[in-house]
1. Out of the residues in segment 21-31 meeting the condition of being outside any strand (DSSP E or B) and crowded, with 16+ Cβ neighbours inside 10 Å, tell me which one is nearest to the chain's Cα centre (by Cα).
2. When only residues in segment 93-112 that are in contact (Cβ under 8 Å) with a residue 60 or more places away in the chain and under 23 Å from Lys201 (Cβ atoms) count, which is surrounded by the fewest Cβ atoms within 10 Å (Cβ to Cβ)?
3. Being open to solvent by 20 Å² or more (accessible area, probe 1.4 Å), part of a loop (DSSP other than H, G, I, E, B) and either touching a residue at least 12 places away in the same chain (Cβ under 8 Å) or touching a helix residue (DSSP H, G or I) at 6+ places or on another chain (Cβ under 6 Å) (or both) is the filter here, so list the residues in segment 1-18 that pass it.
4. Just for helices (runs of 4 or more DSSP H) wholly inside segment 32-146: which have at least 3 residues that are closer than 24 Å to Asp162 by Cα and modelled with pLDDT of 95 or more?
5. When residues of segment 146-172 are filtered for being over 19 Å from Pro196 (Cα atoms) and of a type in the set (Asp, Glu), how many remain?
6. Being under 11 Å from Thr40 (Cβ atoms), without any contact (Cβ under 8 Å) to a residue 60 or more places away in the chain and among the hydroxyl-bearing types (Ser, Thr, Tyr) is the filter here, so list the residues in segment 113-136 that pass it.
7. Can you say whether Val79 is over 16 Å from the mean Cα position of the chain (by Cα) and buried (at least 16 other Cβ atoms within 10 Å of the Cβ), as far as the supplied structure shows?
8. Just give me the residues in segment 155-172 being aromatic (Phe, Trp, Tyr) and more than 15 Å from Met132 (Cβ to Cβ), in sequence order.
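The values are calculated or read from the model by the stated rules, or taken from the named source; none is laboratory data. Small disclaimer: the values here were computed from a predicted structure and weren't measured. Here the Cβ is made from the backbone with ideal geometry for all residues, glycine too, and neighbour counts use every protein chain on show. SASA here: full protein model, heavy atoms, side chains in, ligands and nucleic acids out. Shrake-Rupley method; radii C 1.70, N 1.55, O 1.52, S 1.80 Å.
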Amino acid sequence: MNNIFVNTRSSIKITGSKTIYFDPLELEETPKDADIIFVTHEHYDHFSPEDIRKVMKDDTKVIVPASMMETVKEKCPEVKSLYGILPGQNSECEGVKYQGIPAYNIGKAFHPKEKNWVGYLVEMDGKTYYAMGDTDVTPEAEAVDADVIFVPVGGKYTMDADEAAEFINRKPRGLVVPIHYADSEVVNRFLRLLNPEVKTKYLFEEN
């Protein structure tokens, strides 16, 4: 698929009938081309007001966890169309269907489940994309099927390379794109551990 781009960490762009972003971050250009922006949670490397401004247009829709609504209103007053979502909630925007998938840590405190932060399962142009956000392997994540899955592999704040590979290998998946890692050695380990039949797209050297 040539319509998916990863800038850094979990900063993802998908083009099609609409142009959508997940967690825009550290963008060098100012494309002002986003139809929809999805934000997974409020940490600085996922919610960047500066980068939201770089991609948003006057009519861009911004979708965030419901717990972030007031923060976004304060820090991004330019956003005219802001929508909150809860884990498990389904909705639709500009013909793009989406669902909030719980994203949280198990056994560490960086992303507590009670914060109600999310990853997103998005359907556009007949394809489904799962941007997992900052999460460990959870029952909710295990239940998701998608044509493209953006899986964090960095460890510490998310599942690590070994956990991510085990998660992917447990059942047939679509195209797998590793994200949210500190250096190429981590992602190379993840790729080595995958079953040979897993299709991957490795979109950048380091982030």
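1. Keep residues of segment 21-31 that are outside any strand (DSSP E or B), which gives 23-31.
Now drop any that are not crowded, with 16+ Cβ neighbours inside 10 Å, which leaves 23-25, 27.
Numbers: Asp23: 7, Pro24: 10, Leu25: 12, Leu27: 16 Å.
Residue satisfying both the conditions and the ranking: Asp23.
2. Among them, the one singled out is Val96.
3. Across segment 1-18, the qualifying residues are Met1, Asn3, Asn7, Arg9, Thr15, Gly16, Ser17, Lys18.
4. In segment 32-146, 139-142 are the helices (runs of 4 or more DSSP H) which contain 3 or more residues that are closer than 24 Å to Asp162 by Cα and modelled with pLDDT of 95 or more.
5. Total meeting the criteria: 1.
6. Within segment 113-136, just Thr135 meets the criteria.
7. Against the criterion (over 16 Å from the mean Cα position of the chain (by Cα) and buried (at least 16 other Cβ atoms within 10 Å of the Cβ)), Val79 qualifies.
8. Residues satisfying the conditions do not exist here.
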